[in-house]
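Read the structure below first, then the notes.
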Amino acid sequence: MPEVSPWIDARFQGSIEPVNELLEAQTHRRFMKSHLAIYGVPFFPGTKYVVIGRDTRDVFMSLWSHYSAYTDLAYELFNDLERPGAEFPRCPSEPRDLWPRWIGERWFDWENDGWPFCSHNHHLSTWWNWRHLPNVHVMHFADMLANTEGEMRELATFCEIDVSEERWPAIVEAVQLDSMRKEVLSGANEDLAAMIFEGGVSRFLFKGTNGRWRDVLTDDDLALYMQSATQLDPGLRSRLEGGRAKDVRHDY
């Protein structure tokens, strides 16, 4: 929920001043969301940073679900007169029309892919290089799906949060996709989702699954992925493609 965990680098949500005021007024332990590379956020030894990775191809499918559902209002917000760069383009009609540009072109000079958004590969690479720091914790979406409670327990340990055993079933249930949809539908965020996405909450919290790219991307498309993936650190690539528990073979 943005009123609890604001997305601090989302310009389309308005000025940063109200966000700062909201954070200053909070009395609980603060936690914020960001899509920035490690050098784009203030870094403090006493602050804990949780980094979520995902297979790049799954990221593309999730991004497509959002991009293809943006409303006219969303484009107006993205393309305000004070935007720092070029006009954000309308979404192509098919995912495979977007794929070659997304995986092979940059929006920012310091990246190799990600057009017209930021590069998932570059973003994760910057954090991966500093994963050894005691206040950086790298997680993977596939691991979180396969072993939700185990990953949450590890996260709680990293954050130094004590959770009583009787609370764990309810906490695990609260992070399931259907539970999160109900949570959004019960608050003011339902209206915000409908303003940004055609289909509202159901499009914002769409599938939450992996592997949908297998029914969309062709062998030629995956060859473009291979070209991009070879630029990744081998350890990061293996982690992104399969999570930490899976023995990954690069055979596509």
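Every read-out reported here was derived from the displayed coordinates using simple, explicitly stated rules and does not represent laboratory data. What you see is a predicted model, and the numbers here were worked out from it, not measured in a lab. Cβ atoms come from the backbone with ideal geometry, glycine included; neighbour counts cover every protein chain shown.
Taking the empirical scaling 2.2 N^0.38 Å for compact globular proteins as reference, the chain has a Cα radius of gyration ratio of 1.04.
Close amide H contacts of GLY53 (hydrogens built in the peptide plane, cut-off under 5 Å, sequence separation of 5 or more or a different chain): MET139, HIS140, PHE141. Modelled spin labels at GLU160 and ASN112, positioned 7 Å past Cα toward Cβ, are 3.8 nm from each other. At an R0 of 30 angstrom, the distance between the Cβ atoms of TYR75 and THR126 translates into a FRET efficiency of 0.55. Between ARG153 and MET180, the contour length at 0.36 nm per residue exceeds the alpha carbon distance by 7.8 nm. Taking the inverse of the mean reciprocal distance over all distinct Cα pairs, the Kirkwood hydrodynamic radius of the range 1-128 comes to 16.5 Å. Only Cα pairs under 8 Å and 6+ residues apart enter the sum, and on that basis the relative contact order of the range 35-242 stands at 32 percent.
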